[in-house]
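Peer 1: Okay, here's the structure, questions in a sec.
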Amino acid sequence: MNNATRLVICEKGSSAVERGIILSVFLSMLFGIINVSMMLWTLASLHYAAETAARCASVASSSCTSVSTIQAYALSQYFGLSLGEQIRSSTRPLGAAIQ
């Protein structure tokens, strides 16, 4: 038998190759699930912070009297990934205008 035939017939190391393929697929799926979970947690936390800040502003309590205090309150209620310590407000009207 020549070397090329022995190389094709030899099965040494095949389990290591199979393990490498399976492990790469498994780790990709695991890290994908972790990243999607972090994104959903951040989205839920941002939604909660906006909801509580809007509630504070609409009730007109003494702690939410200006835009800067409402933004600070929203940041204190946010528990997700870092936003760079800033939340911007918008003065656009909500919804569509009906004519």
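The values are calculated or read from the model by the stated rules, or taken from the named source; none is laboratory data. Bear in mind the structure is a predicted one, so any value in this text is a computation, not a measurement. In this analysis, Cβ positions are derived from the backbone assuming ideal geometry, glycine residues included, and neighbour counts consider all displayed protein chains.
Peer 1: How many residues are at pLDDT below 85 and touching a helix residue (DSSP H, G or I) at 6+ places or on another chain (Cβ under 7 Å) if we restrict to segment 46-69?
Peer 2: 2
Peer 1: State all residues of segment 45-83 that are among the polar types (S, T, N, Q) and within 29 Å of ILE34 (Cβ to Cβ); if no residue qualifies, say none.
Peer 2: Those that are among the polar types (S, T, N, Q) and within 29 Å of ILE34 (Cβ to Cβ): SER45, THR52, SER76, GLN77, SER82.
Peer 1: Something else: Between VAL25, VAL36, which is over 30 Å from TYR78 (Cβ atoms) and not in a loop (DSSP other than H, G, I, E, B)?
Peer 2: Matching residue, one of VAL25, VAL36: VAL25.
Peer 1: A follow-up question, please. Using the structure shown, decide if ALA50 is in contact (Cβ under 8 Å) with a residue 24 or more places away in the chain and hydrophobic (A, V, I, L, M, F, W, C).
Peer 2: yes
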